[in-house]
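Report on one structure; see the data block that follows.
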Amino acid sequence: MTSDADTLRAEILRHLPEPLPRRIGVAVSGGSDSTALLHLLAGIARTEGFELYAATVDHGLRAEAADEAVAVSRRSADLGVPHETLKWEGWDGSGNLQDQARRARYRLLAEWAQSRGIAAIALGHTADDQAETLLMRLARSAGVTGLSAMAKVRRQGGIDLLRPLLSITRARLRDYLNAAGVTWIEDPSNRDARFDRIKTREALTGLGNIGITAETLSRVAGNLAQARDALELFAQESARKIAVVESGDVCIDLNGFEALPQEIQRRILVGTFGWITQGGYPPRQSAVDQVVDTLLTRQTVSVGGCLVIPKGNNAWICRELNAVKDQTAHPGTPWDRRWVLNGPSAAETRVRPLGERGISRLDDWRLVGRPRAAILSSPAVWRGDELLSAPLAGYANGWSVELAPHVPDFYASFLSH
């Protein structure tokens, strides 16, 4: 007879990469979800033959966190799983604490995995987390992408973040732990009603009376994820027809753009902004809708660190000079998260934007055929006040420029990874 533990392990295994990486990490806070995932993955690792490693992020926000990390380390050792504690330090108090902590957590985990040759990290997000995320985004009037909630696989810093528990409820995991005699740590913040997620969790409890449960909302998120995937594919195919990349800028045929459904117009713009900036969160929908409106009236507009410049029947989307004016990099290293410049001599040189000072020294920049604003924000090589090269402005002078290896193909970037 198959036990629930066996069933859980089989469900998790179905959501792990195929073929299985040689090394897999698991993020363990000590709560019920991640503790159950640690135990279940340890069993899977023994039967499937991969190496399992565990990590706990200590955000330094609670005095108990250090002791909890020690407890997780001991539990991991009992299971034969190497464990490390990753400490978040240096927060300056600015920004949203939860958002900053989340970003730091993923960054620390990705860096840890890279240093250990770990290809993927399993996270303990459950069907309950999926349902709560959907409700929270519903309250913010999110669209299809937002409501499709958390992806089963996401790429972060060259590492795959896996969520193999998204179809499994927290109650079921706790039943498994109780049956196995395994305890877990209760984070007091999970009872703090000041946080929106805790308010949402309490509201979800009351919705069960009308059939809205974590399981049903998780399935809804899955349905919406399929709709998102279809829209992404349509947006990618549409972009191939109306958009071309030139020197890192994107030129859009406005006649073709105007013929597309508004949802696809938005997706093409958001995808283009994200590819050019290689940044974090996309602009708000209201800002993107404003860009659509201004394109129809052929006006230049700034959004998300980019400029959208109508020119005849086309619109050029490029980096905005103001967004990169203070960025510098050494030759051979990424500038503005996407450009790498190499040349004959790197001594005392820096990569900075060309800017007004640089373009005034070039006679032939107009010959490249791109808008002046796009040329201004392009990378250039400087030695002090001396301009050595501006490859994207037609002045190579022995230097080369290329996109950094981590930058995806423009059209491929429209699909979730």
Name the single residue that is surrounded by the most Cβ atoms within 10 Å (Cβ to Cβ) among those in segment 40-61 being within 27 Å of the chain's Cα centre (by Cα) and not hydrophobic (A, V, I, L, M, F, W, C). T56
Any residue in segment 300-316 that is in contact (Cβ under 8 Å) with a residue 12 or more places away in the chain sitting within a Cβ distance under 7 Å of a residue that is of a type in the set (D, E, K, R) and assigned to a strand (DSSP E or B)? List the pairs, counting only those 6 or more apart or interchain. G305/R319; C306/R319; N313/D253; N314/D253; W316/D249
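Suppose the filter is open to solvent by less than 40 Å² (accessible area, probe 1.4 Å), touching a helix residue (DSSP H, G or I) at 6+ places or on another chain (Cβ under 9 Å), farther than 26 Å from S413 by Cα and among the small types (G, A, S); does G305 pass it?
No, not satisfied.
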Which of the residues that make up segment 136-151 are in contact (Cβ under 8 Å) with a residue 12 or more places away in the chain and under 18 Å from R102 (Cβ atoms)? M136, R137, A149, M150, A151
Go through segment 231-245 and count every residue that is surrounded by 13 or more Cβ atoms within 10 Å (Cβ to Cβ), part of a helix (DSSP H, G or I) and among the aliphatic types (A, V, I, L, M). 4
May I ask you to list the residues in segment 7-66 that are more than 23 Å from W88 (Cα to Cα), in contact with a Lys or Arg (Cβ under 6 Å, 6 or more places away or on another chain) and among the charged types (D, E, K, R)? E51
Has segment 332-352 got at least one residue that is within 30 Å of Q156 (Cα to Cα), of a type in the set (S, T, N, Q) and more than 25 Å from the chain's Cα centre (by Cα)? yes
I'd like to check something: does segment 115-123 contain any residue that is open to solvent by less than 30 Å² (accessible area, probe 1.4 Å) and at positive phi? no
Output yes when any residue across segment 155-168 is touching a helix residue (DSSP H, G or I) at 6+ places or on another chain (Cβ under 6 Å), among the basic types (K, R) and open to solvent by less than 60 Å² (accessible area, probe 1.4 Å), and no when none is. no
So, restricting to strands (runs of 3 or more DSSP E) that lie completely within segment 328-417, which ones have at least 1 residues that are closer than 30 Å to D229 by Cα? 339-342, 400-403
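Does R103 fit the bill of being at pLDDT below 95 and assigned to a helix (DSSP H, G or I)?
yes
Each row is one residue, and each column tells you yes or no for (1) under 23 Å from V303 (Cβ atoms); (2) open to solvent by 20 Å² or more (accessible area, probe 1.4 Å); (3) of a type in the set (S, T, Y).
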site	(1), (2), (3)
T333	no, yes, yes
D336	yes, no, no
E348	no, yes, no
V351	no, no, no
L367	no, yes, no
R370	yes, no, no
A390	no, no, no
Y395	no, yes, yes
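Please indicate, with yes or no, whether at least one residue in segment 321-331 is touching a helix residue (DSSP H, G or I) at 6+ places or on another chain (Cβ under 6 Å), modelled with pLDDT of 95 or more and crowded, with 18+ Cβ neighbours inside 10 Å.
Quick first cut of segment 321-331, residues touching a helix residue (DSSP H, G or I) at 6+ places or on another chain (Cβ under 6 Å) only: 321.
This time we only want the ones that are modelled with pLDDT of 95 or more, so: 321.
Those still in the list that are crowded, with 18+ Cβ neighbours inside 10 Å too: 321.
Checked segment 321-331: at least one residue is touching a helix residue (DSSP H, G or I) at 6+ places or on another chain (Cβ under 6 Å), modelled with pLDDT of 95 or more and crowded, with 18+ Cβ neighbours inside 10 Å.
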Considering each of D33, D67 in turn, give the residue that is modelled with pLDDT under 95 and either open to solvent by 20 Å² or more (accessible area, probe 1.4 Å) or in a helix (DSSP H, G or I) (or both). D67
Could you tell me which numbered condition I185 fails, if it satisfies all but one of (1) within 20 Å of V26 (Cα to Cα); (2) of a type outside the set (S, T, Y); (3) open to solvent by 60 Å² or more (accessible area, probe 1.4 Å)? (3)
Give me the pairs: first residue in segment 1-27 and over 21 Å from P82 (Cβ atoms) and among the charged types (D, E, K, R), second residue open to solvent by less than 40 Å² (accessible area, probe 1.4 Å) and not in a helix (DSSP H, G or I), beta-carbon distance under 7 Å, and six or more apart or on different chains, which are they? E11/I168
Report, ordered by the first and then the second residue, all pairs with beta carbons closer than 8 Å, sequence separation of six or more or different chains, a first member in segment 273-285 that is free of Cβ contacts under 8 Å to residues at least 24 places away in the same chain, and a second member that is crowded, with 19+ Cβ neighbours inside 10 Å and part of a loop (DSSP other than H, G, I, E, B). P282/G304; P283/G304
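The values are calculated or read from the model by the stated rules, or taken from the named source; none is laboratory data. The shown structure was predicted, so the numbers you read here are calculated from the model rather than taken from an experiment. No Cβ is skipped: glycine too gets one built from the backbone with ideal geometry, and neighbour counts run over all protein chains shown. Note: accessible area is taken over every heavy atom of the protein model, side chains too, but ligands, DNA and RNA are not part of it. Shrake-Rupley method; radii C 1.70, N 1.55, O 1.52, S 1.80 Å.
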